[in-house]
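What follows is calculated from the coordinates using simple rules that are stated; it is not laboratory data. Because the structure is a prediction, the values reported are computed rather than measured. We place every Cβ from the backbone using ideal geometry, glycine too, and count neighbours over all the protein chains shown.
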Amino acid sequence: MRIHSVSINNFRGIRSATICLPAHAVLIGDNNTGKSSVLEAIDLVLGPDRLSRRPPVDEHDFFEGRYLAPAVAAADQGGVAPVNAAAPPADTEPLQIEIEVTITDLSEEQLARFGGSIEWLNTVDGTLFTEANPASIDAAPINAALRVTFIGQYDPDEDDFTGITYFSRSLTEGDTPTPFRKNDKQHCGFLFLRSLRTGSRALSLEHGSLLDIILRLKEIRPRLWEGTLEALSTLDVAGAPEMGISGVLESVNASLKKYVPREWGAQPQLRVSGLTREHLRKVITAFIATGNGNHAAPFYRQGTGTINMLVLALLSQIAEDKQNVIFAMEEVETAIPPYAQKRIVHELRKLAAQSIITSHSPYVLEEFSLDETVILSRTHHGMLSQSSITLPDSVKHKRYRQDFRTKFCEGLLARRVLIAEGDSEAAALPVVARRLSDLNPAAYTSIEALGITIINAKTETQIADLGKLYAGLGKRVFALCDLQRQEAQQAIEAEVEQLFMHPEKGIEELVLKNTTLEAMNRFSQSLAWPQHLAAKHAGADVNMKDALMDYFQWSKGNWGIADFLAQCSEAEIPLWFRQTCARLRELCDPPPTPPTAGPATGSDGDDFDLLFGL
């Protein structure tokens, strides 16, 4: 069994989305894109314990917090709502959260259980057949499918939120929809492992914990409740005189007798409170020995990495008992070293019929093929879409795998990408932007604060292809390079949102022609010059520009230019860099109202327009 697709409407930050999932998938994208919301949406539909929460959804689960119909909301806020109408207008229909999950690769047991609701899905174009048609069903892409829909809404009569899961076919084929109940969900085997909650509850007896799931799968009913409750109910915690509390309680009892009759209250004792099964579920937990001794501590007080590996051990138990299970897991890399991250991914893929993971780790992402990598992006209007990676002709798959950690991964995880021509440009721009933001935060912002990732193209011939790659994935893409031939410039500009091309053949020339002698002398005095350059440029008549040009060439790719710019004042930083940083801020973090004058650099506006062709 696996999830083929999920359609989401009006849930959290997602107004609308339809996501198709491979057999094993890693969901990636910038923070707040909607990765966790997709998993939460699936959990609302298939999670056996998710709807036991009351209410199952709340105000914040609705897109933009809007759960009232527009007309009702207007009336609540003092507006005018339609009255005495023959039929309610369309805009008074209740706003609903609607999530539909389509399941394929059903087992024989599932086909038998859900037979009346089974449909036939063309897995290529998404076409559904409600009745078997031998001529088309025998075609390769046709698969038995089960659609299940969660509907959540506000009930004004009860003044509360409701949420029910249905067999999707029953919503359109009959007068009364058929609920998809908890025992139905248990036959689907969906487990959602939240990064912040799974570990803290894994080895407790709380409902929905991993240990509780294992006990239910093995059909084991713990026989500890009655005996434990009886023992605790008679336990006098501080009855012994040597504990020092009994004397105080006797004094309290004597004082009580002065004011109230005995039947009102007598003989105060200290005992364990909250003697219910539910309370015991919350307080009983596994203890694990730490270090080489016998001292045991609660499992949730172990290191985060240890807890995560305990979770993996419990998952293997669940998979062995259930066989046909879907694991969804958030941030598998949390507090786990790289080799263990890879081990978890490998184990999940072996244990699960389908695994769906969110991650920001290159070590996790590189374990998934291009077809298994689902890149999510969301517009400001809440439209969530997915993209797949299509490598340009100049980037071979072998090179993509080899350079994944150093070149491609950061761009896949970012919302905004700036492609730099080479090592010096890739190192210099973040440093100079950070320096300018420290010196003049009112005019500049660091690259990191703007949410921009720098990708080193290594050569100008790769900029256009990488720009096309990332733009095709829904990223905002910028580029930075030396002066290019007209054809090359046009090729780059066709693939990126804006090209920042400086007017020199090399970044060293740009810096040395547009800074001050004072800045060069200061930097020179701070350097430990290599012997061959110190000998070449010895003497009182040294030309500092030539000396630093040699140094920058020698230290190319080793932060030479970046180190120089990091010690400059704002006026000593070349104008082109200042204008580039100001423009990036304008593009990525525009002011609330359009500026009425030139750019942040004031009188440099004419030069700015000339440099960037505005």
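Quick notes on this structure:
- Just so you know, the averaged projected area of the alpha carbon convex hull for the stretch 392-612 sits at 13.7 nm².
- Listed pairs Lys468/Lys505; Lys458/Lys545; Lys407/Lys458; Lys458/Lys505; Lys185/Lys282 exceeding 18 Å between Cα atoms: Lys468/Lys505; Lys458/Lys545; Lys185/Lys282
- Residue-wise HN-Hα couplings along the stretch 487-504, as the Karplus relation 6.51 cos²θ - 1.76 cosθ + 1.60 with θ = phi - 60° gives them from phi, are 5, 5, 4, 5, 5, 5, 4, 6, 10, 10, 5, 8, 9, 9, 10, 8, x, 10 Hz; Gly and Pro carry x.
- Likely footprinting exposure, His532, His537, His380, fewest C-beta neighbours within 10 Å first: His380, His532, His537
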